[in-house]
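The block underneath contains the structure these notes are about, expressed in structure tokens.
Nothing in this text is a laboratory measurement; each read-out follows from the coordinates by a stated rule. These figures come from a predicted structure and were not determined experimentally. Here the Cβ is made from the backbone with ideal geometry for all residues, glycine too, and neighbour counts use every protein chain on show.
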Amino acid sequence: MAGSAPRRHQLPSGRGSAWRFAIVAARFNEPIVTRLVEGARHAFVTAKVPATAVELHWVPGSFELPQAALHLAATRRYAGIVCVGVVIRGETPHFEHVAREAAAGIREVALTTGVPTTFGLITTYTEEQAWARAGGKVGNRGEEAATAALEMAGFIRGLAGGKGKARGSA
């Protein structure tokens with residue numbers, strides 16, 4: 001799907017300031033991933049989440065994102081975890097394996113822990129396509145993943161009736 005993801009008109013107001021979030025970033029293709037991290041941080045600032053309530057954790061590559069996210073979710077300190085990385089197709093099937101396993105692992109973390117764990121992984125055929133999705137003409141997948149984490153944290157908090165701490169919130 002080309003283009004930016006649909007945007008919510010309003011993020012959960014006033015809630016973000018009491019929550020903690022983690023960003024897990026893959027170091028492989030780091031210059032592009034840094035733009036995804038910047039996009040995620042922008043989404044948190046927009047939602048009035050203090051910079052001190054957002055932790056950044058770097059891992060070697062996209063394949064390692066789910067393992068790091070699982071360990072972070074297990075601490076129960078975070079309302080949400082944003083996973084960002086870049087996988088660019090090469091000459092071998094390695095691309096498919098890394099992208100598939102990262103996606104499945106990130107999904108598994110969210111489903112097994114109940115902590116919103118979002119997919120900000122760019123999978124493209126070219127570096128140019130990756131840059132376009134990291135703050136270029138197609139948007140910023142890191143910002144979109146952080147916005148999704150905020151929205152899901154609000155959804156889960158709402159299910160808890162707004163009383164006390166929602167599962168995975170700080």
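Here are the numbers:
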| item | result |
| --- | --- |
| Mean-position separation - Cα centroids, segment 54-78 and segment 117-135, in angstrom | 19 Å |
| Kirkwood-Stokes translational diffusion coefficient of segment 57-170, alpha-carbon pairs, 10 °C, 1.306 mPa s, µm²/s | 108 µm²/s |
| Fewest-first sequence of LYS137, LYS48 by Cβ atoms within 10 Å of each Cβ | LYS137, LYS48 |
| Cut-off 12 Å between beta-carbons: net charge of the residues surrounding ARG107, Lys and Arg +1, Asp and Glu -1 | -1 |
| Percentage of interatomic Cα-Cα distances in segment 97-160 larger than 17 Å | 50 percent |
| Per-peptide average of other Cβ atoms within 10 Å, ordering 18-31, 75-88 highest first | 75-88, 18-31 |
